[in-house]
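Asker: My structure is below; once you've seen it, I'll send some questions.
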């Protein structure tokens, strides 16, 4: 069972496990080394290795801390208490409220010595806290079950026609707790019906402007009243699993929702401005099988051959042309073979089976530079890189081709002449010489594929 009690509690009490005769000192030291190397907590190491069971650890904590252990699998939670802890905080701190008696809220915690979590609950719930200990897995399961309506956008059905206007929902007399959620769902629905992939929210004098970007132009679709702005931003951040209390620094998250029973993902980016936070939302279509996009058998075989051999596969097109969509289709195709496939992305748009997707995280210093220095140690066969910009990055990843790697990257170009002009700079000489396949997206209906020979001829 891959379940565990988290960090601070066991870090403080790990040698008490030795004194209690539950584990040897050498085992604790080895577990600590593994935990540090794999960036996981020591409890997870002990359980995964079979040294201790989850039940043994939880019973030990119950006795040592004099904090009751509660098995949430057999427990009925008072759902009225969910209002005291937001879904965002519940997931962040691995906590869930159980019941409240007078001014005391009993909270199940995976890490009962996490004082930050306790202080946060006291601050938001405005009452005293009585912690009990539970497994992290059972807490996360309960959060998923009980906060479902709060952390899910809900399903969108597009049978309403093109006359749909999200403001009808805004002006409805709905007084329910999930009215804001319905507004968000309505905005997404209108964007999808109008074929819009980018939506921005920004503060204006008369509210929070809702803007659609289509064909390079910004179109205002109405404003969210100032009185609802804070609630709207908080709900959107909660749905995207962002920190509601942070507005001074950028954050990146994503929404998962269904459109006509098809899973759809939208990335969410927040950015501080002098007028307040600006929020950018981009909707990504689910990837299709490659043969649904590339109809020519010759071109399809050319791409498949490039995926099986060292070289650079470059996917080109204008903004919103569908470069990411085709790249994910390439990854789906590559995943059918026994290859080690890795990605370096700002955010994973869809979870792909048999593909090791890696999200960069500037907050902890895990940027493209650091990822590129360590990815070789994972011995990848195919690497997808999202949006590399610098000459050093181009040169480094180009050099991996000589180590028998296949590199997939995207390149922004409005048309073929624009592409030729940009690649004429000396910075791209090495890159150009090892392109094995180029895919240029002229439009969703027109995708051109170039072999290594035709690329060299065209770019010469």
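The values are calculated or read from the model by the stated rules, or taken from the named source; none is laboratory data. Note that the structure is predicted; figures quoted are calculated from it, not measured. For neighbour counting, all protein chains shown are included, and Cβ atoms are generated from backbone atoms with ideal geometry for every residue, glycine included.
Asker: Pick out the one residue from 416, 409 that is surrounded by 19 or more Cβ atoms within 10 Å (Cβ to Cβ) and either under 26 Å from residue 320 (Cα atoms) or touching a strand residue (DSSP E or B) at 6+ places or on another chain (Cβ under 7 Å) (or both).
Answerer: 409
Asker: May I pose another question? What's the number of the condition residue 12 fails, among (1) modelled with pLDDT under 80; (2) in the same structural domain as residue 122 (by TED's automatic domain parsing)?
Answerer: Residue 12 satisfies all of (1) modelled with pLDDT under 80; (2) in the same structural domain as residue 122 (by TED's automatic domain parsing) except (2).
Asker: Under the condition of being assigned to a helix (DSSP H, G or I) and out of contact with any strand residue (DSSP E or B) (no Cβ under 7 Å at 6 or more places or on another chain), which residue from region 326-368 is surrounded by the most Cβ atoms within 10 Å (Cβ to Cβ)? Step through it out loud before you land on a result.
Answerer: Of all residues in region 326-368, those assigned to a helix (DSSP H, G or I) come to 326-334, 362-364, 368.
Imposing the further condition that a residue be out of contact with any strand residue (DSSP E or B) (no Cβ under 7 Å at 6 or more places or on another chain) reduces the set to 328-329, 332-333, 362-364.
Working: 328: 23, 329: 21, 332: 18, 333: 18, 362: 12, 363: 10, 364: 9.
Among those that are assigned to a helix (DSSP H, G or I) and out of contact with any strand residue (DSSP E or B) (no Cβ under 7 Å at 6 or more places or on another chain), it is 328.
Asker: Here's something else I'd like to know. Give the residues of region 419-443 that are surrounded by 13 or more Cβ atoms within 10 Å (Cβ to Cβ) and touching a residue at least 60 places away in the same chain (Cβ under 8 Å), sorted by residue number.
Answerer: Across region 419-443, the qualifying residues are 419, 431, 434, 435, 436, 437, 438, 439, 440, 441, 442.
Asker: Let me ask you something else. If we scan region 293-301, do we find a residue that is surrounded by 15 or more Cβ atoms within 10 Å (Cβ to Cβ) and part of a strand (DSSP E or B)? Give the derivation first.
Answerer: Quick first cut of region 293-301, residues surrounded by 15 or more Cβ atoms within 10 Å (Cβ to Cβ) only: 293-294, 299-300.
Then keep just the ones that are part of a strand (DSSP E or B); that gives none.
So far as region 293-301 goes, no, none of its residues is surrounded by 15 or more Cβ atoms within 10 Å (Cβ to Cβ) and part of a strand (DSSP E or B).
Asker: Whether any residue in region 210-230 is within 25 Å of the chain's Cα centre (by Cα) and under 26 Å from residue 123 (Cβ atoms) is what I want to check. So that I can check it myself, show each step before the final result.
Answerer: Initially, region 210-230 is screened for residues within 25 Å of the chain's Cα centre (by Cα), giving 210-214, 229-230.
In the following step, the residues that additionally are under 26 Å from residue 123 (Cβ atoms) were identified as 229-230.
For region 210-230, residues within 25 Å of the chain's Cα centre (by Cα) and under 26 Å from residue 123 (Cβ atoms): present.
Asker: Moving on to the next point. Residue check, residue 67 against (1) more than 27 Å from residue 147 (Cα to Cα); (2) buried (at least 16 other Cβ atoms within 10 Å of the Cβ); (3) modelled with pLDDT of 80 or more, all met but one. Which one?
Answerer: Only one criterion in (1) more than 27 Å from residue 147 (Cα to Cα); (2) buried (at least 16 other Cβ atoms within 10 Å of the Cβ); (3) modelled with pLDDT of 80 or more is unmet by residue 67, namely (1).
Asker: In this structure, does residue 253 turn out to be surrounded by fewer than 21 Cβ atoms within 10 Å (Cβ to Cβ), closer than 30 Å to residue 185 by Cα and in the same structural domain as residue 202 (by TED's automatic domain parsing)?
Answerer: It is true that residue 253 is surrounded by fewer than 21 Cβ atoms within 10 Å (Cβ to Cβ), closer than 30 Å to residue 185 by Cα and in the same structural domain as residue 202 (by TED's automatic domain parsing).
Asker: Going by what's in this entry, would residue 307 be described as surrounded by 20 or more Cβ atoms within 10 Å (Cβ to Cβ) and under 19 Å from residue 387 (Cα atoms)?
Answerer: No; evaluated as a whole, the condition is false for this residue.
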